[in-house]
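So the structure is just underneath, and the comments pick up after that.
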Amino acid sequence: MSSVQTAVPDGAIAIVGGGIGGVSLAIGLRHRALGPNAISALELLDPAAAEVFHKLATKNAFSSEEATWINFRKGMGEAELIAKVETKDERQTGLSSIHRARFLNALASLIPRDMVRFRKRLVKIQETEGKHVLLHFDDSSQVSAAYVVGCDGIRSCVRQYVLGLENPLDNVTYTRKYVYRGLVPMKTAVERLGAELASNSQMYLGPNGHVLTYPIDGGKTMNVVAFRDDLNNKSWSHANWVLKHRGDNMRREFEGWGRPVTTIVKMLEQPDQWALFNHEPAPCYQKGPVVLLGDAAHATTPHQGAGAGQAVEDALFLAELLGKAKSHGWGFMNAFKVYDAVRRPRSQLVVATSRTAGDTYAMRGLAGSDSDLLQAELLHRFDWIWEYNIRGALDDAIARLQGEAAGKPAIGLLRKLLKELRMRLQTGLVSEDRRLFGGWSFSWHKS
Ligand SMILES: Cc1cc2nc3c(=O)[nH]c(=O)nc-3n(C[C@H](O)[C@H](O)[C@H](O)COP(=O)(O)OP(=O)(O)OC[C@H]3O[C@@H](n4cnc5c(N)ncnc54)[C@H](O)[C@@H]3O)c2cc1C
């Protein structure tokens, strides 16, 4: 096949990867909407995107469980409640689950068709003598771009370039956990478990494993994710990260657990087994005009349900910084630099705390199997993710960008702090940092 070379128009940005991160960024760059009363990254990114989310999300069935994220229960015995963890936002987000492909399709419909190229797989990034980089695709086509954002997931080709890795998997670690995933018709689940357990989100904790269930598909189906520690193996020995099963292994691994858990695993006939990997922390998310976003930057385990939310936060910050850089002439490279500095600590902390959350659920954390200690930990361990003052952090990032553009990185932030202090002294407002609910969490399912 002969190679075809095209160029991304001047001042435009090439986004590689069309998952939640890439699609969110494309929406954010196309359309900015900054409402003062915004309650989430998605709403700040684009109210239409948030509307799509609220329209498609499935919530717990009982109205008393609307704000419940997860009811954490003992996996042994009769599933005694350890902690009811609730989200505290006005919308009572609770556990809102969403069908990944349907959500992505609906989001993608907000992006003009002429902005998108389908079925192209990046294989290499090449530096050129000029300011552009050359993107090589597996159909032998090439695209020259001044700026590139890599949203190409955990096995990212862009990450390989940014971090100078031999192989995209060099920096990916098997977390010594895997999950069995499967679906149960809600009617069957309610008959065998009762409506309370089947149609509202539950997590059953036990030694070296935990089982998560929640309603999906408008409440017609119960989604099951059964986690197991794999402490005897340091690495995943299969070429595939997802394996098909008949379910016998899974049922053996949960023998001796309480009735609800053994009932749940009995109902899964042919579960998929997924190995869980995450990224080691990257020293930077940027190399020249190329940056990383979402799982390409910081792939995480799913224990806090926070991976996709971090991708959306990344997209919001990058879109906002690039928008400001464009309108004020502050420079895209400065925007990339500030994005890297601002997003790296928070997103990498999500990866690290997600791993320890997995240990807590498997009763291998600091709380061990002590119900009181587990409750104390679980009731507050997610606050910092969910109650992030996203508007405030965005303002700080913009102030930092302004200082960076003026060649005085600290000045912009200092100016912003002085302005805020003056405002607070004038209005008597002293500590309202938690006004805005910034983090958001939801659950993926892939039936
Ligand atoms: C088992 C499991 C359960 C999870 N559950 C949750 C949950 O409940 N809640 C939550 O918030 N998060 C969850 N996550 C994490 C969440 O799925 C990710 O954090 C999120 O999808 C990241 O989005 P992304 O766009 O960065 O990457 P991805 O969704 O991986 O998208 C990457 C895109 O890039 C494309 N791509 C890849 N390579 C190339 C290439 N070379 N060239 C061009 N395109 C390429 C892919 O086809 C894909 O479209 C879970 C993850 C796992 C593994």
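Points worth noting:
- Restricting region 116-144 to residues that are in contact with a Ser or Thr (Cβ under 8 Å, 6 or more places away or on another chain) and assigned to a loop (DSSP other than H, G, I, E, B), the residue that is nearest to the ligand (Cβ to nearest atom): K120
- Tabulated pairs, region 279-299, first within 12 Å of the ligand (Cβ to nearest atom), second assigned to a loop (DSSP other than H, G, I, E, B) and among the aromatic types (F, W, Y), C-beta under 8 angstrom, 6+ apart or interchain: L292/Y285; L293/Y285; A297/Y285
- Criterion applied to R355, R381, R344 was being charged (D, E, K, R), out of contact with any helix residue (DSSP H, G or I) (no Cβ under 9 Å at 6 or more places or on another chain), outside the structural domain of R228 (by TED's automatic domain parsing) and in contact (Cβ under 8 Å) with a residue 24 or more places away in the chain, and the one residue passing it is R355.
- So V143, is it over 22 Å from L42 (Cβ atoms), of a type outside the set (D, E) and assigned by TED's automatic domain parsing to the domain that holds Y388: yes
- The set of residues from region 300-327 being within 13 Å of the ligand (Cβ to nearest atom) and among the aliphatic types (A, V, I, L, M) comprises A306, A308, A311, V312, A315, L318.
- Residue satisfying condition, being among the aromatic types (F, W, Y), in contact (Cβ under 8 Å) with a residue 60 or more places away in the chain, more than 11 Å from the ligand (Cβ to nearest atom) and surrounded by fewer than 18 Cβ atoms within 10 Å (Cβ to Cβ), within set Y147, Y174: Y174
- Among the residues listed as L104, L110, L95, the single one being touching a Ser or Thr at 6+ places or on another chain (Cβ under 9 Å), touching a residue at least 60 places away in the same chain (Cβ under 8 Å) and not β-branched (V, I, T): L95
- Helices (runs of 4 or more DSSP H) fully within region 295-396 counting 3 or more residues that are out of contact with any Gly (no Cβ under 6 Å at 6 or more places or on another chain): 307-328, 332-361, 371-380
- Selection from region 187-219 of residues that are free of Cβ contacts under 8 Å to residues at least 40 places away in the same chain and closer than 27 Å to T301 by Cα: A198
The values are calculated or read from the model by the stated rules, or taken from the named source; none is laboratory data. Since this is a predicted model, take the numbers as computed values, not measurements. Virtual Cβ from ideal backbone geometry, glycine too; neighbours counted across all protein chains shown.
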